[in-house]
Amino acid sequence: MRLLPSDEDVRQYEETGWYLSKKLLSDAETETLTQASEHFYAGQKGRALPGQPDRLADWSPADGEIQRNSDYIHYRDEAIAGILRKPVVAAVAARLARTPEVRTFQATLIYKPAVPEETSNIVSWHFDKYFWPTCSSDNMLTAFIPFHDCTEEAGTITMVPGSHRWKRRHGAERPVGDPSDVARDYLLEGDAERNGATVERVPVHIPRGHMTFHHCLLYHGSGPNRSPHPRRAISFHLQDGANTYRHYRNSEGRQQPYKHDALVRRTPAGEPDYADPEFCPTLWPARR
């Protein structure tokens, strides 16, 4: 109970859109995450995905020393999955989102090499719900879980407080900006202007074993890794129990699927089931 957000923490989360947790993982657990990720990168992979959906992030050594993104790590590696299932993580998410049920939505293993000039290390400004158009809920959230002390020098996550409450945003088809604007500041600044808001950028220093949680509509991003060590983390996307699949078509009338749609089981109505226990297991309430 001492590790859960206080009433004031929840109020602040609702106001700012993000929260820095207390120490939820032990040093032994973060070391396990590091070792398991190295085994994964070396090809010692556990359960294979039953298919290769479009837009799957799946780094391989042939890709070189760029930012590594590996989707479905919660499905593919049991050592990592076991730590992500730690009940206190989902309990924090449930309290912040004021929801009685929390399920996994996606988990991506991320590695930023210590190469300051590598442009793939820059995660441009975005809000997660943009990439989840088939999700019915606007109450989803993400836990960003570094395996070590994560500083601005290492390219930690940077939040834009209050941006989850902006109403006027760019649509499904993003406006085109200057290709040299790798961070896509034009997207962030454009939406801020449309909402009459001032942009505040907050790089979050995350001590080892701690993690941040942010709202699915909150703008965030991260800069290059200027430290001497790789930045290792997991982006753990979580859904509230009310979230279901919904049909979504883009401005051209095309159905916009999410990568889950090619993997998860079907509901009785024949739609993708975002409560599939294999890919989207329930984390809270914790099973005894």
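Let me know the whole percent of all Cα-Cα pairs from the stretch 77-121 that are separated by more than 11 Å. Value for the stretch 77-121 (Cα pairs over 11 Å): 74 percent. Segment residue 249..residue 165, full-extension length gain: 27.9 nm, with 0.36 nm per residue of separation and the alpha-carbon distance subtracted. P(r) for the chain, from all Cα pairs and a bin width of 5 Å, is 1, 5, 12, 16, 19, 19, 15, 9, 3, 1, 0 %, short bins first. With all projection directions averaged, the alpha carbon convex hull of the stretch 86-179 covers 8.4 nm². Model label sites at residue 58 and residue 12, defined 7 Å from Cα along the beta-carbon direction, differ in position by 4.1 nm. Using the Cβ of residue 47 as centre and a radius below 11 Å, the other residues enclosed give a net charge of -1, where K and R count +1 and D and E count -1.
Computed from the C-beta positions of residue 202 and residue 88, the FRET efficiency with R₀ = 25 Å rounds to 0.55. The number of Lys pairs in the chain with C-alpha atoms less than 21 Å apart, excluding pairs fewer than 8 positions apart on the same chain, is 6. Note: the stretch 45-146, Cα convex hull, 143 Å³ per residue. In plain terms, the bigger the Kirkwood radius, the slower the diffusion; for the stretch 192-288, with that radius from Cα pairs, at 4 °C and 1.567 mPa s, Stokes-Einstein puts D at 73 µm²/s. Shown is the FRET efficiency for residue 130 and residue 278, computed with R0 = 22 Å from the Cβ-Cβ distance and rounded to the nearest 0.05: 0.30.
Would you please report the Å³ per residue occupied by the convex hull of the alpha carbon atoms in the stretch 211-260? Kindly include the intermediate steps, with their values, before the conclusion.
Details: hull volume 8.2 nm³, N = 50.
Dividing the Cα hull volume of the stretch 211-260 by its residue count gives 163 Å³.
Placing pseudo-labels 7 Å out from each Cα toward the beta carbon at residue 178 and residue 23 gives an inter-label distance of 4.4 nm. Over all projection directions, the Cα-based convex hull of the stretch 33-93 averages an area of 5.2 nm². Taking θ as phi - 60° and the Karplus parameters 6.51, -1.76 and 1.60, the scalar couplings of the stretch 74-88 work out to 5, 9, 8, 9, 6, 4, 5, 4, x, 6, 5, 7, 3, x, 5 Hz in sequence order, x denoting glycine and proline.
None of the figures in this text is laboratory data; all of them are computed from the coordinates on show. Since the model is a prediction, treat every value here as computed from it, not as a measurement. When we count neighbours, we look across all protein chains shown, and the Cβ atoms used for this are built from the backbone with ideal geometry, even at glycine.
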